[in-house]
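What follows is calculated from the coordinates using simple rules that are stated; it is not laboratory data. No experiment lies behind these values; they were computed from the predicted model shown. No Cβ is skipped: glycine too gets one built from the backbone with ideal geometry, and neighbour counts run over all protein chains shown.
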Amino acid sequence: MSFPRMMRVRQHFDAPTLSDIPTAIRQEVASLDLSHLKAGQSVAISVGSRGVANIALIIKTLVEELKARGGKPFLVPAMGSHGGGIAENQRGIIEGYGVTEEYTGAPIRASMDTVQVGTTEDGVPVFFDKYAYEANHVVVVGRVKPHTDFVGEIESGLHKMMLIGLGKHRGATLYHQAIVHYSFDRIIRSVGQTVIEKCKVLMGLGIVENPYDQTALVKGVGAEEFVEREKELLILARKWMPRLLLEQIDLLIVDAIGKNISGAGMDTNVIGRKFNDHAALEKEFPKITRIFVRDLTEETHGNASGLGIAEYTHQRVIDKMDREFTYINCMTGNHPSAAAIPIYYGTDRQVMEAALKTVGLVEGPQAKVVRIHNTLHVGEILVSEAYLPLVEQRSDLELLQAPAEMAFDAKGDLLAF
């Protein structure tokens, strides 16, 4: 089969960037009333499993600020069932992001033990990390962004960190089950409020990133204002999130998926499959006919959650996949289909030949093909020659390299991006 020629394109986004992160954090902490933090009191700081830009620096600065006020901060891995629901694996995940005891100046206390701290008005038990519950105070740190499955005024951010992250495996499983019977918004608000009331939440630090995976804003949040501030931050996060500026794609090639990229492995908001694993709804874009996943990120540690959203994949993904980790994570999130194994072959060439036979009445060279590193980094992408007329007339798409033949190695795999 003949493949389309590909060209490198830069996507232009509105991208505010925070130039001095430590100073911004110090100012945000100073803006809050933390007078109830007394000298010598312990403070648990949540650290999640997503690949948040500058997370090590953010946590280090927060530790320093809390110490300056007499607190004794420690770090708690907050990631539900990630890492197979094993404490040491979760510790290893945050250390892999540079969040180490040596760098941050705070000890890490990893455990899967939880305490039931209350019950919501719907009768849903509320569980919370044991170490965090025993601390004098809790600081919730989270990136605010659109959720990959749910829609509401509050989606993925500080509230989700309190529920799914600090609820550990037990809480995360329970809340996803409860969402089947109650709305996502009802569960996230009711459980979140119980946590704030019962778990001595001192403050929150919301993080919003720009479309190029850079820190755009940090916001200190008082315990009494979590709902309103997170609603405001989500509006900004939607505005600044990465996206593919193309409405229709025959084949999307994703070089890698992973939990450090998105909770869904690849961000469903970016690929237009938030509500259906294999097709965009009427108001979702882009409309992608087939998705081909080439690899897993190293940071995902074999967790292939989200692979089931693709129609095709490479043998290497199957070989790297830790089925137990993946199954636990997808069942905890009540999205078992995300762990499904797509059609796979041993080379990129074989996968593409198979995939392009199923995109409709279009010959290979004329197919609309897009290749991306992952759904978090879409500043520069490769697109097929069929998009050339569109690129030439769009101000938000810049042609960087003229169309050229796809390059494969001797095995039949695509050369590096």
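The residue 68 and residue 17 beta-carbon pair, evaluated with R₀ = 30 Å, returns a calculated FRET efficiency of approximately 0.70.
Each 5 Å bin from zero up to the one holding the largest Cα-Cα distance in the range 135-176 carries the following percent of pairs: 5, 23, 25, 28, 13, 3, 2. Here's the list of lysines a cross-link from residue 274 could span, going by alpha-carbon distance under 19 Å and ignoring same-chain residues fewer than 8 apart: 145, 160, 239, 259, 283, 287. Axis of helix 226-240 versus longest Cα principal axis of the chain: the two differ by about 20°, to the nearest ten degrees. Remark: the range 94-193 projects, on average over all directions, an area of 7.0 nm² (convex hull of Cα atoms).
In the chain, the longest principal axis of the Cα atoms and the axis of helix 87-96 are about 70 degrees apart.
3J(HN,Hα) along the range 172-182: 4, 5, 4, 5, 5, 5, 5, 5, 4, 9, 10 Hz, from the Karplus curve 6.51 cos²θ - 1.76 cosθ + 1.60 with θ = phi - 60°, whole Hz, x for Gly and Pro.
Taking the range 196-213 and a reference point 7 angstrom along Cα→Cβ of residue 182, the backbone N atoms nearer than 20 Å belong to 196-201.
Ordering 157-163, 257-263 by mean Cβ neighbour count within 10 Å, with the highest value first, yields 157-163, 257-263.
Cα centroid separation, the range 133-162 to the range 375-391: 33 Å. For the chain, the relative contact order comes to 21 percent (Cα pairs under 8 Å, sequence separation of at least 6).
Restricting the calculation to Cα atoms, the range 32-240 yields a radius of gyration followed by a Dmax of 15.6, 45 Å. Taken about its Cα centre, the range 32-240 carries a charge dipole of roughly 180 debye when the Cβ of each Lys and Arg holds +1 and the Cβ of each Asp and Glu holds -1. For the range 44-132, the alpha-carbon coordinates run over 41, 32, 20 Å along the three principal axes, in decreasing order. Below 15 Å, Cα to Cα, which aspartates and glutamates can residue 320 reach? Residues fewer than 8 away in the same chain don't count. Those aspartates and glutamates meeting the cut-off are 255, 295, 298, 299.
When DSSP beta bridges are restricted to pairs lying wholly in the chain, around 45% turn out antiparallel.
Fully extending the segment from residue 398 to residue 319 would add 24.7 nm, taking 0.36 nm per residue of separation and subtracting the current Cα-Cα distance. A Förster radius of 45 Å combined with the Cβ-Cβ distance from residue 363 to residue 239 puts the calculated FRET efficiency at roughly 0.70.
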